[in-house]
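Peer 1: Mind having a look at this structure? Questions to follow.
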Amino acid sequence: RSRIHKFLLCASGDLVKVFSTSTEEWVHVLQGHTNVVTGITLNPANQLQVYSSSADGTVRLWDFTDGILIKTFVIGYPIATLLVSNKHEGILFLVVPAKDNSNSECLQLVAAHVPKTLEQEVEVRELSSVLPNISPNPRAVGFGREGEYIASAEGLKLIVYFFRDQKPYRSVPLISSKGAKNTFTCVSCHPKDDCVATGHEDGKIRLWRNFNQKKEYTYTTLHWHHSVVNTLCFTPEGTTLLSGGIESVLVQWQYDRNSKYILPRLGGSITHISVSADGSLFTTSHSDNKITVIQSNLKVSAVIQGLVKGEAVHTDLVIDPRSKALVLNGKPGHLQFYSLQRDKQLYNLDIVQQEYIYQEGLDQYEVVKAAFDAHGSCLATVEERGKKLSDTEITLKFWDYNETAQSFVLNTTVMTPHDNRITSMCFFPTAETTMVVTTARDGCFKAWLLGQESDTENGPSWSCDFVGRYHDLQPTNCCFSADGSLLAVSFQEVITIWNPETWELLTTLCQPPGNIKDLCFGRLSCSRYLLATTTKNMLCCWNLLTCSLEWSTSIAVTLLKADPLSENMAVFTLQKEQTDLFVFKPCEPRPLFTQNALCVGEVQRAIFVPREEPLDNCDESSLWLNRSQLYFTINPVCHLLPTQAVIDDSVAVTPFYLLLGKHRQREQEMCGLPVTEQQGRLLHTAAHVLPPASFLCNMFVKSLLISQTGVKVETEPSEQQAESEKEEEESEEEMDSCDAQQDRRVQGLGVETVPLISKAQERELKKVRRTDYSWLSCLSDS
Amino acid sequence: MGEFTVHRVRFFHYMPSGICAMAFNRRTERLAVARTDGSVELYSRTDHFFQEKVVPGRQQRSIQALCWVGKRLFGAGLSGEIAEFDLDNLRLKFSQDAYGGPIWSIVCNPQGTHLAAGCEDGTVKLFEILEDQIRFERNMGGQKGRIISLAWHSSGTKIAAGMIDMIKVFDLDSGNAVQRLLVERGSRMQQSQECVVWSVLFLSDIIVSGDSAGKVKMWDVNTGTLIKNHQVTEWDVLTLSVSQDETSLFAGTSEGTVVQFQLLDVVLGQEEKEWVRTRTFKNHTHDVIALAEADTVIISGGMDTQLVVRPLLDKLDFKSRDSSLLKILFPQRSLVSCAKKAGLLLFQYPTHLELWLKTCPSVHLMCLFPVRLGLQGEDHVCCSAVAPCGEWIAYSTTSGIRLYRLQRDNKNVSITKVPKLPKVLRHAHQLCFSPDSSHLYGTTSSAVHVVALTSAGCKFEHSLKPNSCVDSDGKFLASANSNSEIHIYNMHKLKAHCTVPVYRSGVSAMGIHPETNNLVIVHADHQIFEFSIEQMQYTDWSRRVQKEGLHHVWLERDTPVINVTFNPQNPNHVILHDSYMFCIIDQSLPLPDRKSQFHNQLTLKSLPEAERLKHSHAFKECKLYQPLLCVDMLENQSLVVVERPLLDITTNLPAPVRQKKFAT
């Protein structure tokens, strides 16, 4: 009988996702907006419908249980926030840019009268301005008791607008002492009493009362947060107030008592809180791509965790050979194991093993390198602290996989393995010897060996076996050949080849000018080749048998990656801020596959991920994808959004562009959408019906033609291109139908269970851009 | 400006005592503050909380409660006596034992006819207030358990008494307890620990109580049920105060916080109202023991000895000196007297005097050694003075004046008491020696008494009219009283010379210039006047000051000027000081105008010599030494600066209650 809060809605990119609160699974997705979804609210008249607003200037009404679009209201302005109220039926309150002001930063609140028509798409013309100067933060506007008034906070001002007497009251908080950071950050109104709660930058929460008085307004201060209060929310009964901030602690304040309960250690900082209509469930969304569902007795009932995005990917993308999971640094001091196949975080490995305390400006330990051995039974990690300081603290840790614990267990900790930052680290490629080679800026490379069993009581531990130098040059990269017989270490311009058995310098290779950026041995049939890229935009290939340069070409290579299961190599180049991709075999001068204008901006990291089962695809251009897939990350903040000129320092991580170059994907990028789950989904649902990736790249051809060695490339016939595109479309249709089936199934589930209410999750435009890479859930395996 | 040798004195171990009770008289706008040493201070609200009067304390006198009845001030304490203070003569008028053991609380009824005293033996004793005394009327209650706090209903028919673990409501007609409200014990302490109701308020329809469990509770008067319970602190709620219109309420806690509650609409524009906790002020480090609300300000005082006047900004219309926080820590009168010629310092402590003698002949070094003068009797020192020649020391308590003669030969110091002081001179508010040390002037509420001093002894010469602040230069004597009337006497003719026009604010300090015979008067509102005694009119400089107005920085200072002295080397220099700065006024320089920079010493330094004169103005402030108790000029162009570092005071206070700063 009790109305269970069953669904959770969450805006993500241009989609609205519907999650089940009990199973944490992604139920379905409301798709239709062409730009970032900025706000979602339930239709107060019908609890099974939801309004969503988007920066594309439309408000859409959905039936979220079935995932059907009911109506589209065209507003014509990018909408920053959407509000609806019970009292004002047929009126949508929207925050849109002020008309008379060309400055797009200036926002105003307008009331849009929704005409009652049966048409699917309605254009709304009646807009009446309510309040000017609205904060772009969607949390800074809120309806008061039964829609009687609306409260908006901007900067140092709190404005309360009463609909009855059409008059705003302003209050300015006391700017008492110098340096007091009183800026408002969020607003929430008590549902029954005339009380407005505001959060402030200094961590205080103020409860304002008597705000219809000019002077005799008064407020109560609640102070627990030590820095910004990000979000506030009253429960529907008004008995408690929830607040969250950067501390990742949910604080539950008793409304008329001076007591509070806290729920600490929720993960990343809390960006949004909302409460189900019956007040039984709270949800918090976090900056680390997580949604937590919390019961009203402050017990966490469900966690929906996506790929944690930190400030940057410090570790290279690594594949755990055992679980086939993608490994990269996640939460501060942790390595996350993320399953690409299931699109879900598998687990976190605490590397630093220290309590993480948020403190602004505090220098934290970061995991910067990680490497696995061939079987995934050993893991080596490097953590360092002191990016800004001159004295960096570096720790090298070796981990063993423990079968019983199903996790990695710390074996050896080496404090300060090198005097300066470690630049690269690699494992011996075969299982016979367990050896790790590290290179660092202190001018030497070290080889670490697992000792003999008898060494200590606790089993073997790691120790340094060899320290190598070359002419006091700084080593930049190291790489083992596939059979482990050779170790290549690049020292600035010179590549040195060592015998790892005897630690004898075999030969040196050099192709000035430019320092070596990437280094890579060929595999399988091409194992006699060694490839390197230089900072002076050269890609060189040496034949190790003759110790001579086989070929070289001049392209602006940003990244070179080898497929561990084939001879293939992938090269990303950057030209005119567009990244192109080439796949080739070192032995053949002709590229297997090229795609120009793969994405905008520089590719940061990339990796070949082996498939679980190889594809049997005979299309020539996509043969290379048969055994593994290539994932890469870019820095998406380049200039995706012309409207938002502000460039974030924090490099948002990991939109995993799947290498299925679709034109649509590019379009999305252009209009400011970072890559979507959809792409990922596309991949996963259609894993066995992978369309031929058929993109030809004239640029590659041209660049190769120019190159000095004169590699000959045949242009592929254009007919083929057209053909492949057709194929692609077909496969897309196929997938759509597949989706539809799923949706139907889910519907069935929804109907069977209880009448449902759901809550909307709003996100600010900017926040969305940062957070919506949330791979929050995975589609059930099809 | 001139250079001075500064003697920086930090060995005056002045220690203010904690505030234990306060009472505000809305009619006269006077605030009475009782301290733990038994002294009572009177502050005038209209005059920016200028300390007008001090009734000196007495050993073993403790005051637990103060109560205004009209213009009369009553106090009661653990000695079990109810006393009335004589505010003209600054001493006790009478005291009467209540015969109920220690008294914790007294209140007067709204009609001003009766006093109720809450006693240790569990009785509420009613006294009728008569013209010159109080008369016991009857007892109420009488069971075991002390009565800690009392509150009288505005109708005058009911009294609420805060006891241990409960509140009793007495009906005055029948004299019986009509209600018992049980206060539950806190969860913090063991259940065995009793809950003390430290404070009760009787509003028109509710009773508010503050107890040692840290709760402020609102009770319904008619049914005796608990309406609302606010957990304010982990520790004790010690005091409560309500505004006159009963819409705002303050609670002082052991944590040093003052918490405000307001009666607010639950839904705007509707009848239903609720007491809501709103603001919290934290200005004290220790227990807030006493609170008083005076319309637009809330005054709090406690164990940390300071009186904090906190403006309620929502009740003020514009920004002024009243809208800033005021902390009163130091007495607004001088406790140090300095013998200019002999270089002696006399420090006045409540129970003794300390005389520091200069033993080193060197000009720049002032090697001092102390002579301690114990007091006879239980009364505390009310004022003291040392003659400029260093031969005479005088002090007064409420019971008598003592005069000592100091004789020095080489390093031997002998102090002999001068016997046979004139009988008229029983008690003085102020003592002062003439510059040639030939006369001692003592003031009482009615007259100035003049005593001629000779090496043989002393002789009463004359009595002149009233006063409280005295200064003289041999020929003239000026005295100011608490009504800020200033009388000037000609000491050669021994008669009144003239009076200075009365100004609205109290006189905080004054001095007669030794050469020009101009009287410099500084008022509590920081206005400065210069009055020429010979011409019996304000000087041109004074008129100019009034016309141009003083700089706002000068007017916005917190503390009043305590002392006025003059630079013997430069007749244009007047030296003033308050607790946080001393200032040299050069009367030859132009006054600062509104826009000019007030503290311009640093800017002046950076300017070339020629331009300096153009930018300099009359006021030269120095904030190097803080907080100041005395700044005086010695003869050889040297300044004596007596400081009392705040840290020394705070370290001498008892430890505050333990509080967690972070963590939950």
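The values are calculated or read from the model by the stated rules, or taken from the named source; none is laboratory data. Only a predicted model underlies this, so the values are computations on that prediction, with no experimental measurement involved. Using ideal geometry, Cβ is built from the backbone for each residue, glycine included, and neighbour counts are taken over all protein chains shown. Quick note on the areas: whole protein, heavy atoms, side chains included, nothing else; ligands and nucleic acids left out. Shrake-Rupley method; radii C 1.70, N 1.55, O 1.52, S 1.80 Å.
Peer 1: Report the calculated FRET efficiency for B:Val424 and B:Gln637 (r = Cβ-Cβ distance, R0 = 45 Å), to the nearest 0.05.
Peer 2: 0.65
Peer 1: Which order do the peptides B:554-564, B:137-147 come out in when sorted by mean C-beta neighbours inside 10 angstrom, highest first?
Peer 2: Put in order of decreasing packing, that is B:554-564, B:137-147.
Peer 1: Sticking with this one: Could you tell me the calculated FRET efficiency between B:Lys144 and B:Leu78, based on Cβ-Cβ distance and R0 = 22 angstrom, to the nearest 0.05?
Peer 2: Working: r = 18 Å, r/R0 = 0.84.
E(calc), rounded to 0.05, equals 0.75.
Peer 1: Can you tell me the Rg and the Dmax, both Å, for the Cα atoms in chain B?
Peer 2: Using the Cα atoms of chain B, the pair Rg, Dmax is 27.0, 86 Å.
Peer 1: Pairs to check: A:Lys260/A:Lys344; A:Lys344/A:Lys517; A:Lys116/A:Lys192; A:Lys157/A:Lys204; A:Lys290/A:Lys397. Give those whose C-alpha atoms are more than 25 Å from each other in this structure.
Peer 2: Numbers: A:Lys260/A:Lys344 34 Å; A:Lys344/A:Lys517 32 Å; A:Lys116/A:Lys192 30 Å; A:Lys157/A:Lys204 15 Å; A:Lys290/A:Lys397 28 Å.
Pairs exceeding 25 Å: A:Lys260/A:Lys344; A:Lys344/A:Lys517; A:Lys116/A:Lys192; A:Lys290/A:Lys397.
Peer 1: Could you work out how far apart the two model spin labels at A:Phe162 and A:Glu355 are, taking each label as a point 7 Å from the Cα in the direction of the beta carbon, and quote it in nm?
Peer 2: If labels sit at A:Phe162 and A:Glu355, their model points lie 4.9 nm apart.
Peer 1: Rounded to the nearest 0.05, what FRET efficiency is calculated for B:Gln626 and B:Gln601 with R0 set to 22 Å and r the Cβ-Cβ distance? Please list the in-between numbers first.
Peer 2: Working: r = 16 Å, r/R0 = 0.73.
Approximately 0.85, to the nearest 0.05.
Peer 1: Continuing with the same structure: At what distance in nm do the modelled label points of B:Asp593 and A:Arg421 sit from each other, each positioned 7 Å from its Cα along Cα→Cβ?
Peer 2: Computed distance between label sites B:Asp593 and A:Arg421 equals 6.1 nm.
Peer 1: Quick check for me: using +1 on Lys/Arg Cβ and -1 on Asp/Glu Cβ, what's the dipole size of region B:495-550 about its Cα centre, in debye to the nearest 20? Please report the intermediate quantities before stating the final value.
Peer 2: Numbers: 5 positive and 6 negative charges, 38 e Å.
I would put it at about 180 debye.
Peer 1: Please work out the Cα center distance from region B:631-648 to region A:556-582, rounded to the nearest Å.
Peer 2: That distance is 80 Å.
Peer 1: In addition: Summing both sides, how much accessible area is buried between B and A? Use a 1.4 Å probe and give Å² to the nearest 100. Intermediate values should be presented prior to the final figure.
Peer 2: Working: alone 28650 and 33230 Å², together 60140 Å².
Chain pair B/A: roughly 1700 Å² of buried accessible area.
Peer 1: For region B:19-243, report the accessible area per residue in Å² (1.4 Å probe, heavy atoms, rounded to an integer).
Peer 2: With the other protein chains kept in place, region B:19-243 gives 39 Å² per residue.
Peer 1: While we're on this one: Run the quick spin-label model on A:Gln406 and B:Asp86: label points 7 Å from Cα toward the beta carbon, then report their separation in nm to one decimal.
Peer 2: Simple spin-label model gives 9.3 nm for this pair.
Peer 1: What is the extension gain from B:Arg612 to B:Glu234, computed as 0.36 nm multiplied by their sequence separation minus the C-alpha to C-alpha distance, in nm to one decimal?
Peer 2: Difference between extended and current length: 130.2 nm.
Peer 1: Could you give the length gained on full extension between B:Asn570 and B:Arg180, defined as 0.36 nm per residue of separation minus the Cα-Cα distance, in nm?
Peer 2: 133.1 nm
Peer 1: Using a/c under 1.5 as the rounded threshold, could you call region A:386-508 rounded, prolate or oblate? The axes a ≥ b ≥ c are square roots of the C-alpha gyration tensor eigenvalues, and prolate needs a/b larger than b/c, oblate otherwise.
Peer 2: On the way: a/c = 2.09, a/b = 1.27, b/c = 1.65.
Oblate.
Peer 1: Please give the Cα centre distance for region B:474-513 versus region B:295-312, rounded to the nearest Å.
Peer 2: 33
Peer 1: So, one more: Work out how much length A:Asn297 to A:Asp363 would gain on full extension: take 0.36 nm times their residue separation and subtract the Cα-Cα distance, in nm to one decimal.
Peer 2: Length gained between A:Asn297 and A:Asp363: 20.2 nm.
Peer 1: Quick check for you: with a 1.4 Å probe and neighbouring chains kept, what is the accessible area per residue of region B:476-527, in Å²?
Peer 2: 35
Peer 1: Ok, one more. Taking N as the number of residues in region B:244-329, what is its alpha-carbon radius of gyration divided by 2.2 N^0.38 Å?
Peer 2: 1.17
Peer 1: Separate question: Relative to a virtual label point 7 Å from the Cα of B:Ala452 in the Cα→beta-carbon direction, which members of region B:491-510 show backbone nitrogen distances below 13 Å?
Peer 2: The answer is B:492-494.
Peer 1: Continuing with this model, one more query. Counting other C-beta atoms within 10 Å, and keeping those with at most 14, which DSSP coil trypsin sites (Lys or Arg not before Pro) do you find in region A:9-89?
Peer 2: Sparse-neighbourhood loop trypsin sites (Lys or Arg not before Pro): A:Lys87.
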